Structures are given as structure tokens and as C-alpha cells.
Amino acid sequence: MPEKAGMNLGVMTLYLNGNKIEELPFFRRLLNEAANMNMNAYLFTPEDVDDGKQKVYAHVFDRSKGKWTRQWRPLPNVIFDRCRYQNTPRFRKLREFRAKYGDLLYLNRPLANKWAIHQLLSKDDKIKRNLPDTAPYRGTQELSAFLKKHSIVFIKPINGTGGRGVVRIEHGDNGLYMVRGRDKRRNILSPRRLNLAGVGKLLEQLGLHKNCIMQQGIELTLPNNRVHDYRMLMQKTGNGEWEMTGCAGRVGASRSVTSNLHGGGQAVPMDRLLKLTFTKESQAEQVKSEMKACSMRIVKKLESHYHDMCELALDLAVDRSGRVWLIEINPKPAREVFRRIGEKEIYRRAIVRPLEYARWLYNNK
């Protein structure tokens with residue numbers, strides 16, 4: 001269905017390190033698909049807005065020349081917010097933009113931090129069993145009590161993404177703990193054995209002594225000693241309904257405590273990864289069914305509280321008993337995992353669905 005006249009879709013991002021833009025290959029594909037659908041879509045940042053003229057100095061991909069150009073375009077009336085959290089003045093500009101232009105149609109709204117999301121989801125009895133035990137990190141005293149309950153504990157920034165600043169703490173010998181992980185720049189930390197005071201000191205050095213959570217670790221190690229999980233992409237369709245677009249496995253890099261692709265992880269088809277743990281096809285199918293059902297419950301619960309949403313990626317773990325665990329929620333998901341495993345149609349659909357949903361939203365709201 002073509003949209004009503006006058007829809008201008010602005011894909012909003014933030015500049016990094018000067019005027020660089022993250023995800024440019026994805027944005028190019030997104031705008032190409034929009035052009036194929038005869039949609040007027042362009043890329044911009046809050047810094048590109050001229051409030052007086054009600055225009056934006058947009059980034060437009062010129063398909064005939066195969067390059068990006070800058071053009072003045074009208075202020076968009078529908079916005080696909082792809083701005084990832086960053087502790088910078090530019091993120092504050094994003095908040096100012098959303099406050100000033102709150103009457104525009106947004107495909108998605110910001111989610112709260114990891115701790116607030118955990119608190120919300122844990123109130124739902126059907127979802128609670130899929131949540132690892134989680135608590136705020138306030139120092140070594142709380143960490144000591146948490147480590148008495150769980151053999152593996154993760155420390156994570158409440159606003160972190162992409163595996164940055166994730167530390168794994170495991171019980172070792174002689175009252176020491178084996179500590180591994182990544183710093184906030186995603187560099188792999190050399191493994192070390194520390195007493196509790198040493199763990200606290202290391203977390204402070206890494207800037208993980210505040211605004212962090214402690215999370216029960218789920219044993220996800222494969223026979224090759226690499227960790228693994230599953231990336232489930234849930235998206236709204238052109239009818240405004242939630243659907244699973246696709247799910248792929250991820251295997252972490254050597255010595256990594258996370259499976260993120262940006263950190264050197266490898267993408268693997270979901271079925272192939274499930275077979276490594278569940279050799280019976282019936283058991284693997286049962287796990288897949290539970291992963292889908294769990295994901296649908298979670299996105300619907302979050303939407304009932306936060307409202308406007310068009311997509312969420314859920315990082316799921318499956319333990320050896322077949323129990324599904326929610327590890328993380330990503331409100332600004334990448335699609336690269338599907339391209340890497342050769343699922344070209346799922347990859348294309350993952351790009352097109354926000355455009356189809358934007359059209360539906362504009363026509364119906």
C-alpha cells in the first residue's frame with residue numbers, strides 16, 4: 001500500500017569522532033530499499049537540523065554515482081531513531097531534539113537501562129523464569145554475597161552495548177577468582193587470578209565500579225572452550241504486528257567472554273549450533289519453539305510499558321537442559337549476523353521491515 005502524500009522518513013543517527021557515521025553500509029542498503037519502495041528517505045543527525053528553516057542538511061546516497069552527498073531536505077515527519085547510547089554532548093543533543101520535536105512520528109522510543117528493564121520484566125511470572133538473577137553492583141560486599149549464590153557472575157555497564165566493559169568472574173582455587181573480560185574499548189583483558197579486594201580494584205580501574213549490574217552467569221562454553229548464544233531479531237511488519245524475522249547463532253572469539261561479532265565473534269546458523277548441544281531433533285525443535293515464544297512475550301511486555309517500538313534484538317542463551325535465558329536486549333540491532341551466515345532473504349527482510357512498518361505507521365497514525 002503506498003503511503004499518503006507527504007511522508008518524509010528521516011533515519012536519525014549520531015556523529016562519532018568528528019563527523020564520522022557508524023553503520024554507513026547498513027544505511028546505504030536501507031536508503032536503497034526505501035528508493036525501491038518510492039519512499040522519500042534520508043539520513044541525518046540532530047546536529048544537521050536548522051530549526052528556523054525546518055529543514056535538515058541530510059546525507060543522501062546517490063545511486064547513480066555510488067556515493068553519499070549532502071542535500072537540504074524537509075524536516076522529517078516520521079523518524080527511525082538509530083542513535084546508540086554514548087556518554088557525550090551529542091547524545092544530549094539527541095535528547096533535546098526528541099523533546100523539541102515530540103509531536104513527530106517515531107518508529108521507536110528509547111528504552112531504559114538494563115537494570116530498569118530487568119525490574120520490569122521480572123514482574124511478569126511467565127518471563128521471570130527466563131531471567132538470570134540480576135542486581136546492581138555497589139561494591140565487593142554485595143559481589144561476595146552474589147558469588148556465594150552463583151559460580152559465575154558477570155559485571156556489565158547498565159548502558160553498555162557490543163560487549164564493552166563486560167567482565168566474567170568465576171570461582172577458582174584457594175579463595176581466588178578467575179577474572180576475564182573486555183574493557184570499555186572492547187579490548188580483551190588478560191586472564192588473572194585475584195582475591196575479592198583485587199577484583200574490586202580491577203573493576204574500579206576499568207570504570208566498572210558504578211552504574212553496573214551483577215548478572216548470574218549461564219554456562220555457555222562449547223567443547224572448543226568458546227562461548228555461544230543466539231541473536232533473535234523481532235520486528236514489526238507492514239501490518240503493525242510483531243514477528244520473528246530470524247535467529248542466528250554466535251560463537252565468541254578465542255579467550256572472549258562474549259560472542260559479539262564486533263568483538264571477533266563468528267556467526268553460525270541457528271540449527272547447526274543447536275545440534276551441538278541437542279542431538280535429538282525433537283529436543284532442538286522444542287528449544288526453538290520456546291525461544292520464539294519467550295521472545296514474543298518479552299517484546300510485547302516491553303511495548304506495553306514503553307510503547308512505540310519497531311524492532312528489538314534479543315540475545316538468548318540456552319543451557320544444557322534446554323532452558324532459555326534472556327542475556328541482553330538491543331533496541332538498535334545490527335543485521336550483519338544474517339548476511340554472514342548466507343541467509344540473504346532474511347537479511348533483506350530485516351532491512352525492509354522497518355520501512356514497511358514506517359509506511360503502515362504513517363498511514364494509520
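Read-outs throughout are calculated quantities, based only on the coordinates presented, and are distinct from any laboratory measurement. Model, not experiment: these values are computed from the prediction. Positions of Cβ are generated from backbone atoms using ideal geometry, with glycine treated the same way; all protein chains shown enter the neighbour counts.
Some values worked out for this structure:
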item	result
Burial order of peptide ranges 267-279, 94-106 (average beta-carbon count within 10 Å, highest first)	267-279, 94-106
Using alpha-carbon coordinates, inclination of helix 140-149 to the longest axis of the chain, degrees	70
Overall Cα dimensions of the range 221-364 - principal axes, largest extent first, Å	51, 27, 25
DSSP-defined antiparallel bridges as percent of all bridges, the range 8-106, nearest 5	55
Isotropically averaged projected area of the range 8-106, using the convex hull of Cα atoms (one quarter of hull area), nm²	6.3
Full-extension gain in nm, GLU281 to ASN195, via 0.36 nm per residue minus C-alpha separation	26.6 nm
Relative contact order, percent, the chain [alpha-carbon distance under 8 Å, six or more residues apart]	16
For the range 187-198, Karplus couplings with θ = phi - 60° (6.51, -1.76, 1.60), whole Hz, Gly/Pro x	5, 6, 7, 5, x, 8, 9, 9, 7, 4, 5, x
Point-to-point label distance, GLU290-ASN40, nm (Cα→Cβ direction, 7 Å offset)	5.1
Proximal lysine pairs, the range 8-106, alpha carbons under 26 Å, eight or more residues apart or interchain	12
The chain - convex hull of the alpha-carbon atoms, volume per residue in Å³	151
Ratio Rg/Rh, restricted to the range 134-216 and using Cα atoms, in which Rh is the Kirkwood radius	0.92
Folded to 0 to 90 degrees: helix 344-364 orientation relative to the chain principal axis, Cα	60
Beta bridges by DSSP in the chain, antiparallel share as percent, to the nearest 5	85
Measure of compaction for the range 1-52 (Cα Rg per 2.2 N^0.38 Å)	1.29
